[in-house]
Amino acid sequence: MHRMEEINRRTWRNPIARRDYRASTGFINEGERLVFEIARKRASGGRILDIGIGGGRTTGLFCDIAADYVGIDYTPEMVELAQRNYPQAQLAHMDARDLSAFGNASFDLVLFSYNGIDSVDAEGRRAVLSEVSRVLRAGGTFVFSTFNRNWHGFGEKRARSSIVWSNDPLRLGFRLVKHAMGLVRERRFAPLEQREGEHAILLHRAHDFGIMVYATTPQQLRAQLGASGFDGDPMLFSVDGHLLSGGTLPEEEYFHVVAYKPALS
Ligand SMILES: C[S@@+](CC[C@H](N)C(=O)[O-])C[C@H]1O[C@@H](n2cnc3c(N)ncnc32)[C@H](O)[C@@H]1O
């Protein structure tokens, strides 16, 4: 198993990391609100596949507009958590790299929110894009977000989280220990980063340096989408909801993507 895969899987299964997804609802930012609005319009009354549901935040946003909604996650504990939050929803334990449980062209919309797609390595990403493209109908929509390789926080001065003060000594102690463990993880995992070649695998501060992510550029993303059967000109939005154009996004930590499968002519 790729080291990145081991690190990420361990984090998603960790009860402390999972706490962040336990009761999360609504949108993570304005960019997501905008792309979800586009997604809801395009898939209302249709079939939706929601990948990497975590605690079910997006299940709450999409399951009632679809004729058929299926949510999946490769972390069994996340599926249990989401099922507890949304007992009526159809949820399953499944890896996005193998969607063989679903037929070709069987969904109108596929979602992979909050940079979940970046948890897998380059080979895994190609598999996810190819599987999503296969299960989407012609004219269908794929909405996701992905890390920006050129974000300054991935650069020489790595972005770190700060400790939030608490007057409760137990809570503060817990935060200090978590933070210290994060610094230990940073020292261990930073040498595993890959910054050369087509893509970058980078250590991210989320979950106290508990995840390594695939980070991309808009140019590379366009080429990858095109090679997987999507229209090679997706709509990209910043986290604060601006439609982005051009090749570089120096200040964005990540960006939202609305990609289309070309309609049959
Ligand atoms: C950052 S969390 C986002 C959770 C949720 N989508 C949200 O926005 O609140 C990423 C989720 O994607 C899941 N995930 C990552 N890689 C996956 C894969 N290859 N197949 C299915 N789920 C995956 C993880 O288990 C985790 O629950």
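Annotations for the structure displayed:
Every residue, every condition in (1) crowded, with 20+ Cβ neighbours inside 10 Å; (2) without any contact (Cβ under 8 Å) to a residue 12 or more places away in the chain; (3) touching a helix residue (DSSP H, G or I) at 6+ places or on another chain (Cβ under 8 Å); (4) not β-branched (Val, Ile, Thr), yes or no:
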{"site": "80", "(1), (2), (3), (4)": "no, yes, no, yes"}
{"site": "91", "(1), (2), (3), (4)": "yes, no, yes, yes"}
{"site": "98", "(1), (2), (3), (4)": "no, no, yes, yes"}
{"site": "102", "(1), (2), (3), (4)": "no, no, yes, yes"}
{"site": "105", "(1), (2), (3), (4)": "no, no, yes, yes"}
{"site": "116", "(1), (2), (3), (4)": "yes, no, no, yes"}
{"site": "126", "(1), (2), (3), (4)": "no, no, yes, yes"}
{"site": "135", "(1), (2), (3), (4)": "yes, no, no, no"}
{"site": "142", "(1), (2), (3), (4)": "yes, no, yes, yes"}
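- Selected residue (criterion: farthest from the ligand (Cβ to nearest atom)) from residues of the stretch 42-61 that are of a type in the set (D, E, K, R) and at pLDDT 95 or above: 47
- Test result for residue 64, near the ligand (Cβ under 10 Å from one of its atoms) and either assigned to a strand (DSSP E or B) or charged (D, E, K, R) (or both): no
- If you go through the stretch 113-142 and pick out every residue that is among the hydrophobic types (A, V, I, L, M, F, W, C) and either out of contact with any strand residue (DSSP E or B) (no Cβ under 9 Å at 6 or more places or on another chain) or under 20 Å from residue 6 (Cα atoms) (or both), you end up with 6.
- Residue among 185, 222 that is farther than 25 Å from residue 111 by Cβ and either among the aromatic types (Phe, Trp, Tyr) or out of contact with any Asp or Glu (no Cβ under 6 Å at 6 or more places or on another chain) (or both): 185
- Tally, over the stretch 1-47, of residues that are part of a loop (DSSP other than H, G, I, E, B) and within 21 Å of residue 215 (Cβ to Cβ): 4
- Residue in the stretch 146-158 that is buried (at least 20 other Cβ atoms within 10 Å of the Cβ) and on the phi > 0 side of the Ramachandran plot present: no
- In the stretch 120-149, residue nearest to the chain's Cα centre (by Cα) [restricted to those that are β-branched (Val, Ile, Thr) and within 13 Å of the ligand (Cβ to nearest atom)]: 146
- Of the residues 117, 72, the single one that is near the ligand (Cβ under 8 Å from one of its atoms), assigned to a strand (DSSP E or B) and modelled with pLDDT of 95 or more is 72.
- Pairs, first surrounded by 16 or more Cβ atoms within 10 Å (Cβ to Cβ) in the stretch 32-48, second β-branched (Val, Ile, Thr) and part of a helix (DSSP H, G or I), C-beta under 9 Å, six or more apart: 36/58
- Scanning the stretch 84-108 for residues that are within 13 Å of the ligand (Cβ to nearest atom) and either modelled with pLDDT under 95 or assigned to a helix (DSSP H, G or I) (or both) yields a single hit, 85.
The values are calculated or read from the model by the stated rules, or taken from the named source; none is laboratory data. Computed from a prediction, not measured in an experiment: that's the story for all the values here. Ideal geometry is used to build each Cβ from the backbone, glycine not excepted, and the neighbour counts take in all protein chains shown.
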